[in-house]
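Please treat every number below as a calculation from the coordinates, not as lab data. Since this is a predicted model, take the numbers as computed values, not measurements. We place every Cβ from the backbone using ideal geometry, glycine too, and count neighbours over all the protein chains shown.
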Amino acid sequence: MSLTNIALFGANGQVGRFILKALVDCKKKDFNVLVVTSPSAPEPYGADKENVTWKTMDLFNTSRQEMAQTLKGIDAVVSALNGPVLEAQIPIQDGAADAGVKRFIPSEFGMHTIYRRPNDDKGYLHPLWDAKEKLNERAVRHSAINEGKMTYTMIGCGDFYDQERENVWCPWTQKDVDEYTLHVIGDPDAPADWTNIEDFGLYITACLLEPEKTANAYLNFSSDTKSQREIADLLKKHTNKPVKLEVISLDVLHEVWDDPEKAPEELKNKSAFPVDFWMTVKGLQGSGRMFRPKGQNHNNMFPDIEDTTFDKYLKQRFQK
């Protein structure tokens, strides 16, 4: 099987732009990339390249038939969609099946961990994670996959640590500050998995380069495993600036889960994500439940990808 013609949805997003860059700049193979964006989206990376075709579509109002026509001749579809438009994965995959697409990579790109609170025998999945879970379940059980006409690759990862838009979630991405504050919910010494977004783009590209190895597979990729205290020490080392660990009790998370308005004021409206989601992720990290046990990360499948550890990332970012 050869996957040469790739359709990418969400190429202007935080993750999608790095997937596109990895595909366009790949030295091992000349991919032909169809970039599908919304009509209002800016020009994507590489739009002027010979191997990139840019098409705009209103994904909220595109039929299965229109999608099939768009994806005619495409070998693999990669979805990097998020938010409300994520629901468009349904007509995208349906249209892809009708067009004879061989591989579908849904927008997983995370770690969906069950939240548990004291004195409660039930587990809970945050609605943002549950929305992806529902689409993931549908994606891998699609009739085209059951009939062997299409394959999937599901790719999870750690917390994306280089989200430059997230000043509170990823404070180390900021340069023009006098000091840093890392907000920790729970144990600052608990390990967590972290993923560099550029590394992740390379990993997805590697999956497309070796389609037999990655057919109908659940894979995970992380660039580093570090505690918040270890990150704080590295940040202090590479910036020579004060770094504060603000440790918040897990009890605060339990209160915010019931009522997001109870979140600390300094954490409200500081992220593109709802505050209860942000605090759930941090609380699960501080509970030691946001790293995968040995054998559940698959970095070793593609040894050519050099993991960008926190130490390497911070050294590069603050080397001057």
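Go through segment 26-134 and name the GluC sites (Glu not before Pro) that are in a DSSP coil and have 11 or fewer other Cβ atoms within 10 Å of their Cβ.
Sites meeting the loop and neighbour criteria: GLU50.
Let me have the relative contact order for segment 101-140, percent, based on Cα pairs under 8 Å that are six or more residues apart.
36
Tell me, LEU125, LEU267 in order of fewest to most beta-carbon neighbours within 10 Å?
LEU125, LEU267
Which values, in whole Å and largest first, are the semi-axes of the equivalent ellipsoid of segment 36-172 obtained as the square root of 5 times each eigenvalue of the Cα gyration tensor?
Square roots of five times the eigenvalues give 29, 22, 13 Å.
Report, in debye and to the nearest 20, how large the dipole of the chain comes out about its Cα centre when Lys and Arg carry +1 and Asp and Glu carry -1 on their Cβ.
The calculation lands at about 680 debye.
Of the residues SER40, SER271, SER222, which exhibits the maximal mean-square fluctuation in a Gaussian network model of the chain defined by a 10 Å Cα contact cut-off?
Among SER40, SER271, SER222, the largest GNM mean-square fluctuation belongs to SER40.
When only C-alpha pairs under 8 Å and at least 6 residues apart count, what is the relative contact order of segment 165-289, in percent?
Here the relative contact order equals 40 percent.
Mean separation of Cα pairs under 8 Å and 6+ residues apart, divided by the residue count of the chain: what relative contact order is that in percent?
17
Explain nothing, just the number: dipole magnitude of segment 165-266 about its Cα centre with +1 on each Lys and Arg Cβ and -1 on each Asp and Glu Cβ, in debye rounded to the nearest 20.
500
Find how many whole Å separate the alpha carbon centroid of segment 74-118 from the alpha carbon centroid of segment 142-204.
17
Using each residue's phi in segment 284-289, evaluate 6.51 cos²θ - 1.76 cosθ + 1.60 at θ = phi - 60° and report the 3J(HN,Hα) Karplus result to the nearest Hz, with x for Gly and Pro.
Per residue, the Karplus-derived 3J(HN,Hα) values read 5, 4, x, 9, x, 10 Hz.
Assigning unit charges at the beta carbon (Lys, Arg +1; Asp, Glu -1) and nothing else, what dipole magnitude in debye, to the nearest 20, does segment 230-320 show about its Cα centre?
600
Taking the radius of gyration and the Kirkwood hydrodynamic radius from Cα positions alone, what is the Rg/Rh ratio for the chain, to two decimal places?
Expressed as Rg/Rh, it is 0.97.
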